[in-house]
Amino acid sequence: MFDFLKKKKTKPVKLEVDETLTEEQKNELRQEIEQLTVEIASSEPIDCVFAEKYEKVGLLLAQLSEIDEAIAALEKSQSYKNSIGTGYKKLMSLYNQKRAESAKNGDDAGIDKWMNKMDDMRQIAKKVTISGQ
């Protein structure tokens, strides 16, 4: 009856485990990135194919913690075809990571830059949702 008087049970705190990749895993990812890059260079410029391949490259680069390169590849993917899949989500998280980094360094211009990019991504999500792609 008087739940506000009872002490609430605390939930166990989940510790975030930093998953580091072994050198072998990193080499496998780099080989996959190289293979995708060769496929992109040798294939005909079809927007949906390019978008998919650049998205894969961006996600792999993000796994390797090569953030700037991952952002460039994911942005290129979005330029070929707007989508709100895993590439979109990863790009938003990378933008947020860069924004937090700028805030930590006290870089107001950097904060504005990354916030504007996040706003642009939200507009893309809005367009895609409305158009039903």
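Some points to look at:
- Summed over region 104-115, residues that are surrounded by fewer than 16 Cβ atoms within 10 Å (Cβ to Cβ) and within 16 Å of the chain's Cα centre (by Cα) total 1.
- Tabulated pairs, region 120-133, first more than 7 Å from ASN82 (Cβ to Cβ), second hydrophobic (A, V, I, L, M, F, W, C), C-beta under 6 angstrom, 6+ apart or interchain: MET121/MET92; ALA125/ILE84
- Tally of residues being touching a helix residue (DSSP H, G or I) at 6+ places or on another chain (Cβ under 7 Å) and farther than 15 Å from SER93 by Cβ across region 103-117: 3
- Pick from region 51-103, criterion of a type in the set (A, V, I, L, M) and surrounded by fewer than 17 Cβ atoms within 10 Å (Cβ to Cβ), ranking: nearest to MET121 (Cα to Cα): ALA72
Every read-out reported here was derived from the displayed coordinates using simple, explicitly stated rules and does not represent laboratory data. Predicted model only: the values in this text are computed from it and were never measured. Cβ atoms come from the backbone with ideal geometry, glycine included; neighbour counts cover every protein chain shown.
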